[in-house]
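Structure first, then comments.
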Amino acid sequence: MKVIEALGLTKSYKGSKLPALNNISLSIDSNQIFTMLGRNGAGKTTFVRICATQLMPSSGRISVLGHDIIKCPDKVRNQISAIPQEGRPLRALTPWDHVYNWLRIRGESSSIAKEKAAQILKKLDLYEARDVPAMNLSGGMKQKVLVAMALAPDAQLLFLDEPTIGLDPVSRRQVWSAIKDWKDQDRTILLTTHYMDEAELLADYIVIIDKGKIIAKGTMNELRKIVPYELRIDVPKVNLDKRLMSLGSVVDSGANFVRIFIYETDAEKIYDRALKMNIQFTVSPITLDDVFVYLVGNKNNGDNIKSENEI
């Protein structure tokens, strides 16, 4: 079954010159983690909010769990759960209050709500802090409260809009484990994230959007093939040599290093050149981060990057 089907979906905001979503068409299969990637303002959150019946599209059609979101929003809402990007816990309520009361609102009995609340709070390492008011929790723990609220109900479709933002590495892994467990119960997740390692670890299928349009989609292995190189070399911008950059495709990372995509057959040439010039560098295989940078980054082939003699 197609959990989400969008055809020609467009959303324009008043006062904006460009549409947030521009003629988006895609379908999402059941029982998978479908991940949407894009820069800030690419349209990810707009798409999620339309699917969750929080926003009306300007044009196009979209159905969620077989229901038209415009004609039957209540039928959709009864079967979904979500973490909105702008969500915040209520200051005076505890983690237990948030999860237990949310389950009761969703129609669970008191005994089942208690059981599910305890289970998810333990899974996310929140149980010991279950009676602490949210105002006294750390920012990361507040975020995990929202994750617990979204994962606790028996929904068929879960919307996670940047669920691990602000979390430490251990907490992120706790959330990843909970997300995987939730999906393994024959459920579907639509995930947006800026963390490429998170997407690479969790996603069954990935869509990359830029300026409201889909620019790439596929499995992780399919997306890797978009970059026509086997390796990536990161070289500091200081003392960077133009001849070194000419051996591959250059992307300005925006940080203090330049990313050069190369064929494996050219690796030895770059190694020798960099070692002779005493230039530090790191080498790694192509990752999702590389695919993303290659597609939406500032590809300039070194034209605007100055070498040692030009700095």
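Key figures
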read-out	value
When residues of the stretch 99-145 are limited to those that are of a type in the set (A, V, I, L, M) and buried (at least 23 other Cβ atoms within 10 Å of the Cβ), the one farthest from Arg173 (Cα to Cα)	Leu103
Lone qualifier among Asp74, Asp68 - being over 24 Å from the mean Cα position of the chain (by Cα), acidic (Asp, Glu) and closer than 16 Å to Leu158 by Cα	Asp74
Residues within the stretch 91-129 that are under 20 Å from Ser177 (Cα atoms), basic (Lys, Arg) and in contact (Cβ under 8 Å) with a residue 24 or more places away in the chain, tallied	2
Residue satisfying condition, being over 19 Å from Thr287 (Cβ atoms), modelled with pLDDT of 95 or more, of a type outside the set (Phe, Trp, Tyr) and not assigned by TED's automatic domain parsing to the domain that holds Asp290, within set Lys183, Lys213	Lys213
Yes/no for Val227 being assigned to a loop (DSSP other than H, G, I, E, B) and of a type in the set (Val, Ile, Thr)	yes
Residue check, Ile70 outside any strand (DSSP E or B) and surrounded by fewer than 18 Cβ atoms within 10 Å (Cβ to Cβ)	yes
Residue identified as under 22 Å from the mean Cα position of the chain (by Cα), in the same structural domain as Asp197 (by TED's automatic domain parsing) and closer than 30 Å to Ala129 by Cβ among Glu108, Glu86	Glu86
Condition check for Gly166: surrounded by fewer than 19 Cβ atoms within 10 Å (Cβ to Cβ) and at positive phi	yes
Options Gly87, Gly41, Gly15: the member that is modelled with pLDDT under 95 and touching a helix residue (DSSP H, G or I) at 6+ places or on another chain (Cβ under 8 Å)	Gly87
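Let's see how each residue does on (1) under 22 Å from Ile4 (Cα atoms); (2) touching a Ser or Thr at 6+ places or on another chain (Cβ under 9 Å):
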| residue | (1), (2) |
| --- | --- |
| Leu126 | no, no |
| Pro133 | no, yes |
| Gly140 | no, yes |
| Leu151 | yes, yes |
| Leu158 | yes, yes |
| Lys183 | yes, no |
| Thr188 | yes, yes |
| Glu200 | yes, yes |
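The values are calculated or read from the model by the stated rules, or taken from the named source; none is laboratory data. Everything quoted here is computed from the prediction, not taken from an experiment. Every residue, glycine among them, receives a Cβ derived from its backbone with ideal geometry; neighbour counts consider all protein chains shown.
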